[in-house]
Amino acid sequence: MKLSKRLIITAAIIVILLTLPFATYRFWLPEIANYLIVQDKLAPADVIVVLSGNGSRYRHAAKLFKEGYANYVLLDYNEEDTFNVLGVKFDPQKMIKDFAVSNGIPSDRILTEGRCTSTYEDILYAKENISKNQFKSAIIVSNNFHMRRVYLTFQKIFKEDTVKAIFIPVPMEISGVNPDIWWTNEDDFLKVINEYIKLFFYYFKYRI
């Protein structure tokens with residue numbers, strides 16, 4: 001039985017639509033990761049705010065400080081991360097301040113905030129410190145895949161303030177996802193998917 005011309009055309013369209021995403025994935029998959037990345041032009045500010053996380057964030061902040069981009073550094077961390085090794089208790093505040101000093105930041109230029117257990121709290125308590133010290137501008141440092149959520153949370157928490165924020169991610173080569181090939185690396189893939197899950201959660205919990 002011959003197939004009608006209309007049926008053949010319909011089947012061809014369905015096949016094209018099904019295969020198109022696979023044929024063009026190199027064009028649209030990078031945009032999924034690129035959306036997560038917010039990066040401003042680097043400029044001097046009153047303080048560098050480092051969101052709690054891996055050491056690359058603190059090292060990059062120290063580099064920016066030594067290059068003269070700010071006079072103070074605010075280091076966020078989670079004070080509950082105190083841990084014991086063979087009965088020796090390690091204080092996260094001391095560790096993070098020692099780390100900053102060893103990376104060239106004078107102790108009198110270091111501010112710390114240990115109440116942070118989430119990105120939202122990182123920025124919420126950063127606001128308290130910025131207000132208390134009367135800072136008017138801040139460089140915000142985190143990993144590149146984290147910056148969209150950081151940016152949206154900052155806009156939510158600082159919506160009534162005139163503080164100028166400059167969002168500067170850690171260079172991708174040091175710590176971050178490569179938006180051009182993120183889906184080919186298991187670690188990068190999980191970071192991107194996990195970040196979208198958190199964005200979804202933040203949208204409903206905090207209305208960012």
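The values are calculated or read from the model by the stated rules, or taken from the named source; none is laboratory data. The model shown is predicted, which means the values in this text are computed figures rather than measured ones. Virtual Cβ from ideal backbone geometry, glycine too; neighbours counted across all protein chains shown. All accessible areas refer to the heavy atoms of the entire protein, side chains included, with ligands and DNA or RNA removed. Shrake-Rupley method; radii C 1.70, N 1.55, O 1.52, S 1.80 Å.
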Pick out the one residue from Tyr120, Tyr125, Tyr58, Tyr151 that is in a helix (DSSP H, G or I), of a type in the set (Phe, Trp, Tyr) and touching a Cys at 6+ places or on another chain (Cβ under 9 Å).
-> Tyr125
How do the pairs read when you match residues in region 103-117 that are touching a residue at least 24 places away in the same chain (Cβ under 8 Å) and in a strand (DSSP E or B) with residues anywhere that are among the small types (Gly, Ala, Ser) and surrounded by 15 or more Cβ atoms within 10 Å (Cβ to Cβ), using Cβ under 6 Å and keeping only pairs 6 or more apart or on different chains?
-> Ile110/Ala100
Has region 66-81 got any residue that is in contact with a strand residue (DSSP E or B) (Cβ under 8 Å, 6 or more places away or on another chain), at pLDDT 90 or above, open to solvent by 50 Å² or more (accessible area, probe 1.4 Å) and part of a loop (DSSP other than H, G, I, E, B)?
-> yes
For region 122-133, what are the residues that are open to solvent by 50 Å² or more (accessible area, probe 1.4 Å) and out of contact with any helix residue (DSSP H, G or I) (no Cβ under 9 Å at 6 or more places or on another chain)?
-> Glu128, Ser131, Lys132, Asn133
Within region 104-118, track down each residue that is open to solvent by less than 10 Å² (accessible area, probe 1.4 Å) and within 30 Å of Pro179 (Cβ to Cβ).
-> Cys116
Across region 28-42, what is the total count of residues that are in contact with a strand residue (DSSP E or B) (Cβ under 7 Å, 6 or more places away or on another chain) and open to solvent by 30 Å² or more (accessible area, probe 1.4 Å)?
-> 4
